[in-house]
Amino acid sequence: MIICKSADEIKLMRQAGKIVTEVLLQIKNNLKPGVQTSYLDKLAEGIIYKMGALPAFKGYVGKLNSTPYPANICVSINEEVVHGIPGKKTVKEGDLVSVDVGVKYLGYYGDAARSFIVGDAGKTTHRLFDATLDALNMSIDKCVIGNRLSDISHTIEARAQKDNFSVVRVFVGHGIGKRMHEDPQILNYGPPGQGPPLKKGMVLAIEPMFNAGTSDVEVQPDNWTVVTADRKLSCHFEDTVAITSDGPLILTRD
Ligand code: MF3
Ligand code: CO
């Protein structure tokens with residue numbers, strides 16, 4: 001069941017989204033060669049609590065994963081797709097780093113991810129980054145009353161295909177509200193014009209994940225970190241978006 005949110009609820013979710021945006025900005029400002037990913041996690045933790053929110057990922061137990069998520073944010077570098085656990089690893093020049101942040105504020109969730117290129121990087125890194133961000137932006141433009149859910153999915157896949165990148169198929173975007181993961185699941189591929197019609201008050205976390213090589217992924221022995229099977233580069237972006245009568249309202253950007 002897809003839960004539509006009232007205008008007041010969307011206002012609260014906008015506040016959750018602002019906190020996520022602030023955390024991502026501070027992380028961006030601290031993402032330099034040599035920085036430990038655990039430092040970014042501590043930085044995020046401090047900001048989240050200071051702003052009166054709770055980290056949404058810490059202790060999260062997934063449907064298919066009984067190991068509680070041990071950190072506040074996810075930091076996924078290069079061949080890591082999503083759910084990279086912050087730790088002793090340091091960021092290097094040329095890395096493609098995805099940072100995923102989720103918070104709960106006054107009962108509502110906000111969830112967003114940004115990828116960052118550290119210093120100088122190769123052409124493929126830039127092309128993959130541009131394509132994934134482009135796919136997110138183009139799919140947000142489809143968040144209009146009367147479109148169908150799979151118009152979002154199809155737009156993402158079509159953008160990947162344009163540059164010969166593959167789309168991760170086993171992870172999806174999601175509805176979001178009083179729970180971090182609500183209906184519907186948002187596939188990052190598929191034909192257009194299918195699934196539920198988009199309605200006023202739906203709030204969706206759209207998260208394209210593009211790979212430079214094949215779409216296959218594996219989970220590391222830590223039970224969380226998802227890597228590409230061919231160990232080629234992967235990129236991830238995410239925004240929380242509300243569907244309003246004035247069009248898409250991105251809750252996790254300034
Ligand atoms: N943005 C991701 C998601 O929506 C992050 C989840 S990390 C987890 O699923 F640890 F909370 F699972
Ligand atoms: Co999400």
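The values are calculated or read from the model by the stated rules, or taken from the named source; none is laboratory data. This one's a predicted model, so the numbers in the text were calculated from it and none came from an experiment. All Cβ positions, even for glycine, are placed from backbone atoms using ideal geometry, and neighbour counts span all protein chains on display. Heads up: the accessible areas ignore ligands, DNA and RNA and are worked out on the full protein's heavy atoms, side chains in. Shrake-Rupley method; radii C 1.70, N 1.55, O 1.52, S 1.80 Å.
Observations on the model:
- Residue in the range 225-242 that is assigned to a strand (DSSP E or B) and open to solvent by 40 Å² or more (accessible area, probe 1.4 Å) present: no
- Considering residues of the range 100-115 that are over 11 Å from the mean Cα position of the chain (by Cα) and crowded, with 16+ Cβ neighbours inside 10 Å only, the residue nearest to ligand 2 (Cβ to nearest atom): Y109
- A single member of P184, P192 is touching a His at 6+ places or on another chain (Cβ under 6 Å) and either over 16 Å from L96 (Cβ atoms) or surrounded by 24 or more Cβ atoms within 10 Å (Cβ to Cβ) (or both), and it is P192.
- Test for V118: is it of a type outside the set (S, T, Y) and either open to solvent by 10 Å² or more (accessible area, probe 1.4 Å) or closer than 17 Å to E207 by Cβ (or both): no
- In the range 208-224, residue most open to solvent (accessible area, probe 1.4 Å) [restricted to those that are hydrophobic (A, V, I, L, M, F, W, C) and either farther than 16 Å from S76 by Cβ or assigned to a strand (DSSP E or B) (or both)]: V219
- Complete set of residues in the range 26-59 that are within 19 Å of the chain's Cα centre (by Cα), closer than 14 Å to V103 by Cβ and open to solvent by 70 Å² or more (accessible area, probe 1.4 Å): L54, K58
- Cβ separations smaller than 8 Å between residues 6+ apart or across chains give the following pairs from the range 169-181 residues that are among the small types (G, A, S) to residues that are open to solvent by less than 80 Å² (accessible area, probe 1.4 Å) and near ligand 1 (Cβ under 8 Å from one of its atoms): G173/A205; G173/E207; G173/E238; G175/A205.
- Just so you know, in the range 60-71 the residues that are among the hydroxyl-bearing types (S, T, Y) and under 19 Å from the mean Cα position of the chain (by Cα) include one that is surrounded by the fewest Cβ atoms within 10 Å (Cβ to Cβ), and it is Y60.
- Tally of residues being over 18 Å from the mean Cα position of the chain (by Cα), part of a helix (DSSP H, G or I) and of a type in the set (A, V, I, L, M) across the range 1-23: 3
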